[in-house]
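Just below is one structure, and these are the notes that go with it.
The values are calculated or read from the model by the stated rules, or taken from the named source; none is laboratory data. Worth saying up front: this structure is predicted, and the values here are computed from it rather than measured. Cβ: placed from backbone, ideal geometry, glycine included. Neighbour counts: every protein chain shown.
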């Protein structure tokens with residue numbers, strides 16, 4: 001109800017204590033009091049209680065509203081916790097309420113979520129004979145035990161939510177707890193090379209003083225940007241692993257992840273020339289492919305190119321990944337499917353039929 005500029009909230013409940021007329025806020029305070037209708041000359045109204053704003057002198061009215069809103073929000077959260085009545089033993093309810101109150105949730109919805117998680121945890125602790133001590137129940141070991149044992153009855157999303165909420169409460173409630181791990185930055189994908197940068201590196205490789213260095217440098221560039229090979233997969237490629245079949249050029253990759261990788265069409269001639277020169281030897285050189293710095297001497301020995309940054313094989317792989325993704329329309333597929341995280345795509349691919357090499361070569365080995 002609105003009376004002039006004084007906001008009055010009417011709540012139908014039995015009146016208990018009332019504020020004596022004339023008892024207001026002091027000079028630097030503001031609060032909300034309960035008065036009976038007589039205080040405003042509205043007559044008697046049994047069972048009707050008024051919440052009246054009382055404004056302190058010298059404080060802007062907007063500040064009164066902010067303070068009143070904050071106080072009301074805290075009161076609603078506190079009332080939500082106090083009125084929580086789960087279908088659980090009274091000791092579990094007390095544990096959940098006390099822990100939720102100490103966690104200081106900001107909204108009623110957040111309070112209910114924490115109370116739900118704490119009740120489930122409390123019931124589990126009672127079932128295993130553990131005391132309802134926050135220091136024990138909210139320890140990382142107990143939370144993980146609860147998630148592994150009791151969480152098996154919930155969906156994966158519910159398990160993740162329960163663990164997040166319980167960890168949140170533990171961080172707010174526990175005094176003696178291990179320090180939080182230092183956040184580590186996530187490694188980002190390397191920036192792919194542009195067409196001009198690739199042309200500059202291939203020009204540098206073509207102008208090396210010896211044929212061996214030219215073929216090895218060109219083979220490194222073509223296998224990286226044309227087939228996405230990196231690390232041991234790149235170092236272990238011999239001249240005999242590069243073959244023409246299935247309508248294109250394929251590199252037989254050995255090692256821990258054996259597979260056949262089609263080479264992009266515009267790198268066919270370069271890869272084949274480097275493979276013929278290497279014969280049974282390694283395309284990028286070296287005698288032991290498992291030596292970690294096989295490609296380092298080759299990259300360091302490139303003569304000229306003072307205006308070019310040091311060649312990175314990881315950027316060559318990123319260049320191949322982007323080119324292949326554009327060829328198969330990966331960005332269009334993700335946009336149409338509304339997919340922002342590809343974590344589950346591997347599960348879907350595992351259920352698909354085995355890929356056909358000829359079709360793979362036709363799809364990934366074609367010219368852009």
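Here are a few things to note about the model shown:
- Test: residue in the stretch 326-333 that is exposed (fewer than 12 other Cβ atoms within 10 Å of the Cβ) and in a loop (DSSP other than H, G, I, E, B): yes
- Just one residue in the set 157, 130 is surrounded by fewer than 20 Cβ atoms within 10 Å (Cβ to Cβ) and not in a helix (DSSP H, G or I); that residue is 130.
- Of the set (1) closer than 16 Å to residue 321 by Cβ; (2) at pLDDT 95 or above; (3) assigned to a helix (DSSP H, G or I), all apply to residue 277 but (1).
Every residue, every condition in (1) assigned to a helix (DSSP H, G or I); (2) free of Cβ contacts under 8 Å to residues at least 40 places away in the same chain; (3) touching a helix residue (DSSP H, G or I) at 6+ places or on another chain (Cβ under 9 Å); (4) crowded, with 18+ Cβ neighbours inside 10 Å, yes or no:
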{"position": "218", "(1), (2), (3), (4)": "yes, no, yes, yes"}
{"position": "226", "(1), (2), (3), (4)": "yes, no, yes, yes"}
{"position": "270", "(1), (2), (3), (4)": "yes, no, yes, yes"}
{"position": "299", "(1), (2), (3), (4)": "yes, no, yes, no"}
{"position": "305", "(1), (2), (3), (4)": "no, no, yes, no"}
{"position": "310", "(1), (2), (3), (4)": "no, yes, yes, no"}
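- Selection of the stretch 126-136 for residues being in contact (Cβ under 8 Å) with a residue 24 or more places away in the chain and closer than 11 Å to residue 92 by Cα yields 126, 132.
- Just so you know, in the stretch 252-268 the residues that are part of a loop (DSSP other than H, G, I, E, B) and in contact (Cβ under 8 Å) with a residue 60 or more places away in the chain include one that is farthest from residue 323 (Cα to Cα), and it is 263.
- When the stretch 144-154 is filtered for residues that are under 21 Å from residue 87 (Cα atoms) and surrounded by 13 or more Cβ atoms within 10 Å (Cβ to Cβ), the ones remaining, listed by number, are 146, 147, 150, 151, 154.
- Of all residues in the stretch 272-297, those that are over 21 Å from residue 232 (Cβ atoms) and surrounded by 12 or more Cβ atoms within 10 Å (Cβ to Cβ) total 3.
- Test: residue in the stretch 189-212 that is more than 35 Å from the chain's Cα centre (by Cα), crowded, with 17+ Cβ neighbours inside 10 Å and in a loop (DSSP other than H, G, I, E, B): yes
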